[in-house]
1. Can you pull out every residue in the stretch 152-185 that is modelled with pLDDT of 95 or more and in contact with a helix residue (DSSP H, G or I) (Cβ under 8 Å, 6 or more places away or on another chain)?
2. Of the residues in the stretch 211-253, how many are under 17 Å from the mean Cα position of the chain (by Cα) and farther than 25 Å from ALA72 by Cα?
3. Which condition breaks for THR63 when tested against (1) in a loop (DSSP other than H, G, I, E, B); (2) modelled with pLDDT of 90 or more?
4. Restricting attention to the stretch 44-56, report how many residues are buried (at least 22 other Cβ atoms within 10 Å of the Cβ) and assigned to a strand (DSSP E or B).
5. Please verify whether the stretch 186-203 includes one or more residues that are open to solvent by less than 50 Å² (accessible area, probe 1.4 Å), β-branched (Val, Ile, Thr) and modelled with pLDDT of 95 or more.
6. Can you name the residue in the stretch 218-248 that is part of a loop (DSSP other than H, G, I, E, B) and surrounded by fewer than 15 Cβ atoms within 10 Å (Cβ to Cβ) and, of all such residues, is modelled with the lowest pLDDT?
7. Would it be correct to say that VAL104 is open to solvent by 20 Å² or more (accessible area, probe 1.4 Å), part of a strand (DSSP E or B) and at pLDDT below 90?
8. Can you tell me which residue is farthest from ALA250 (Cα to Cα) among those in the stretch 79-101 that are open to solvent by 30 Å² or more (accessible area, probe 1.4 Å) and not in a strand (DSSP E or B)?
Amino acid sequence: MPDHLTTCEPGKAPARRDAFVARRRLAVAVALAAAGTLPAHAGDWGATVAVSSQLVDRGVAVTPPAPIVQGAVNWVSRDGWSLGVSASYQTRDPGRVAETLAQVAKSWSLSDDWQIQAGLLDYRYPGGGSGVRTYDRTELGASVIWRDVLTAGVSAIKLTHRGGGLRGAADVGLRWPLGWHVSATGGIGIAQYLAPLSRYYPERPDRYSYGHGGLVWQNGAWRVELIHVFTNRERNRGERPVSPWTATVARTF
């Protein structure tokens, strides 16, 4: 499910909503190339660095439980366009980039409280072996956001290395301020399996659910979160298990 690290407070218009989209990112060159295709408007640049205990994507363990260093660069225009690239580096295996992501998105304000956003994202797993690289994909997603507190989104997913039609996912996320810079966060989602497991689980359903719940402390550019992750997804043979708890420390610039 989406794990946006935002720099805005609930009830205020988000300044960099896509500073860190879903624990992943890569090269500035991609953003500069994509920027050439957009209308010429002045914009703002931002960056985020983070360390997480594991990389988990919609109930799928992308990496084993070990420190994951992440970096992201994003650009946001005055009229709602944004570009973002990121990379996640697996420290247990030096020199291995676990995941990269490139994104272009557009946001529209419906009122002071409501926004909608549409985006195109491209995921790559260059260092995860053939099992994880099965999840290389492109996604077209749309979300509705209420005051940076409640987010509901849907995605259409096209796998890079497999034929067949589109796969789908949908989720709802909530962030509620508790005071002292602390917020409760949680969410649930449902997704279709990206890698068919019929050889091993001929009777399993086509979809599974996932979610998280926990606490986030955010003060200025710093953010710390402790999240409990759950899923009823059946793992493929040889697939890594998902740790029940993940922790992240992030700094936005």
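1. none
2. Total meeting the criteria: 2.
3. (2)
4. Within the stretch 44-56, residues that are buried (at least 22 other Cβ atoms within 10 Å of the Cβ) and assigned to a strand (DSSP E or B) number 4.
5. no
6. Initial filter on the stretch 218-248 (part of a loop (DSSP other than H, G, I, E, B)): 220-221, 232-244.
Those still in the list that are surrounded by fewer than 15 Cβ atoms within 10 Å (Cβ to Cβ) too: 220-221, 232, 234, 237-238, 241, 244.
On the way: GLY220: 92, ALA221: 94, ASN232: 89, GLU234: 80, ARG237: 69, GLY238: 66, PRO241: 85, PRO244: 92.
Among those that are part of a loop (DSSP other than H, G, I, E, B) and surrounded by fewer than 15 Cβ atoms within 10 Å (Cβ to Cβ), it is GLY238.
7. Details: open to solvent by 20 Å² or more (accessible area, probe 1.4 Å): yes; part of a strand (DSSP E or B): yes; at pLDDT below 90: no.
Taking the combined requirement at face value, the residue does not satisfy it.
8. If we filter the stretch 79-101 for residues that are open to solvent by 30 Å² or more (accessible area, probe 1.4 Å), which is where we start, we get 79, 81, 89, 91-97.
After this cut, where a residue has to be not in a strand (DSSP E or B) as well, the list is 79, 91-95.
Details: ASP79: 27, THR91: 16, ARG92: 19, ASP93: 21, PRO94: 21, GLY95: 21 Å.
Checked the stretch 79-101; the qualifying residue farthest from ALA250 (Cα to Cα) is ASP79.
The values are calculated or read from the model by the stated rules, or taken from the named source; none is laboratory data. Not measured: the values here are computed from a predicted model. Virtual Cβ from ideal backbone geometry, glycine too; neighbours counted across all protein chains shown. Accessible surface areas use protein heavy atoms only, side chains included; no ligands, DNA or RNA. Shrake-Rupley method; radii C 1.70, N 1.55, O 1.52, S 1.80 Å.
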